[in-house]
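Presented below is the structure to which this report refers.
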Amino acid sequence: MARNKIYPFAVASVRSMENKLLTKQKLMQMAEAKDAAEALRILSETDYGKTEINDIHEFEKMIQNHLEAEYQAVGKLIASETFMDIFRFKNDYHNVKVLIKEEISKVNGKKYLIQGGSIPVDILQKNFRERNYMELPNIKADAVQEATEMYAKTKNARFIDSILDKACFQVMSDAAEKLGNEYVSKYVRKLADVTNLKTLLRIWQLKRSDEELEESIVPGGELPAELLIKALKNDNVIQMLKDTSYGTLCETYMDQGFTVFEKACDDYLMECIKDAKYKTLTPEPVAAYILAKETEAKCVRIIMTCKLHDIDVETIKERVREAYV
């Protein structure tokens, strides 16, 4: 995609679609609902309600169907498939993890497969089982093989996740570089960085080894792996990160626990994508919209899950991410 290419129709369409994004007020209304049934009723009054479900526990189906419809709608606005696929690769790799674990455990993983990838689920299933990677160009065959072999040696499923996460971010990073759009490239870099920061915090809190951290660091970010490993080895994580561009984020939230830090990272990414609000012709608003949709879906998932587990309202509100609108 040329750097100076403009998309006036796509941007105008997305501006219209933004009007249907759930506001923070609507999310808070769901959070304050007396129970999960009432929260679902509020959600059903939005576009998520286009999917009818028979049981409240099927709310995930509403989320997945709505996201897939949004991916399809936005994908039609931008001619380059790569532009949209960059945001969908993570769903493909999630599904590959499910298929590997299904193959190993012999337990049907259908309920864990999600829509919204660059490859339709049925096509991914068929070609994965046949190991036909010619039909799965963005799935790294060597990563699948390595993950399977590492599990066979160790019986530790974390290798499946870490190896495929690395492969996913490599594919995303390569695609973003090829696309040549700085906004998308910046987002991928920051997503990789906050992913690595969350991994660092988790391993630090659990007092795991620096070898595990090194195995888990995904590529594509700006924070050097050496710095993250050194921070863990010195057991002075926050201090070691204070002079990086994530210094304020780490100093303010890292010592408040993983759940708080994870939310802070999501809010940080949301603030980054909000720059697109001021673009009028270039494709940044299109990317920002789909990222905003994904964050919105995460918020809905958090609220519904908490409601089903009778989590108190204030705790739910604390977990709801910053909204785009």
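The values are calculated or read from the model by the stated rules, or taken from the named source; none is laboratory data. From a predicted model like this one, the values you see are computed outputs, not experimental measurements. Virtual Cβ from ideal backbone geometry, glycine too; neighbours counted across all protein chains shown. Note: areas computed on protein heavy atoms with side chains; ligands, DNA, RNA excluded. Shrake-Rupley method; radii C 1.70, N 1.55, O 1.52, S 1.80 Å.
Screening the range 255-320 for helices (runs of 4 or more DSSP H) wholly inside it with 2 or more residues that are touching a helix residue (DSSP H, G or I) at 6+ places or on another chain (Cβ under 8 Å) and open to solvent by 70 Å² or more (accessible area, probe 1.4 Å) returns the ranges 284-308, 313-319. None of Arg208, Arg202 is assigned to a helix (DSSP H, G or I) and open to solvent by 80 Å² or more (accessible area, probe 1.4 Å) except Arg202.
Checking each residue in the range 18-55 for being open to solvent by 40 Å² or more (accessible area, probe 1.4 Å) and either of a type in the set (Gly, Ala, Ser) or in a helix (DSSP H, G or I) (or both) picks out Lys24, Gln25, Lys26, Gln29, Ala37, Glu38, Arg41, Ser44, Asp47, Lys50. When Gln64 is tested against the conditions (1) touching a residue at least 40 places away in the same chain (Cβ under 8 Å); (2) under 24 Å from Leu22 (Cα atoms); (3) under 22 Å from the mean Cα position of the chain (by Cα); (4) open to solvent by 30 Å² or more (accessible area, probe 1.4 Å), the lone failure is (4). The single condition among (1) more than 20 Å from the chain's Cα centre (by Cα); (2) loosely packed, with under 15 Cβ neighbours inside 10 Å that Glu222 does not meet is (1).
Looking only at the range 166-182, decide whether some residue is under 24 Å from Thr259 (Cβ atoms) and in contact (Cβ under 8 Å) with a residue 12 or more places away in the chain. For the range 166-182, residues under 24 Å from Thr259 (Cβ atoms) and in contact (Cβ under 8 Å) with a residue 12 or more places away in the chain: present.
In the condition set (1) in a helix (DSSP H, G or I); (2) surrounded by fewer than 21 Cβ atoms within 10 Å (Cβ to Cβ), Asp235 is compliant with all but (1). When the range 184-223 is filtered for residues that are among the aromatic types (Phe, Trp, Tyr) and closer than 16 Å to Met254 by Cα, only Trp204 remains.
Would you be able to tell me the number of residues in the range 68-85 that are over 24 Å from Asp47 (Cα atoms) and either part of a helix (DSSP H, G or I) or touching a Lys or Arg at 6+ places or on another chain (Cβ under 8 Å) (or both)? Give the derivation first.
Filtering the range 68-85 for residues over 24 Å from Asp47 (Cα atoms) gives 79-83.
Next, only the ones that are either part of a helix (DSSP H, G or I) or touching a Lys or Arg at 6+ places or on another chain (Cβ under 8 Å) (or both) stay: 81-83.
Of the residues in the range 68-85, 3 are over 24 Å from Asp47 (Cα atoms) and either part of a helix (DSSP H, G or I) or touching a Lys or Arg at 6+ places or on another chain (Cβ under 8 Å) (or both).
Scan the range 41-61 for residues that are hydrophobic (A, V, I, L, M, F, W, C) and either in contact (Cβ under 8 Å) with a residue 24 or more places away in the chain or at positive phi (or both) and jot them down. Result: Leu43, Ile56, Phe59.
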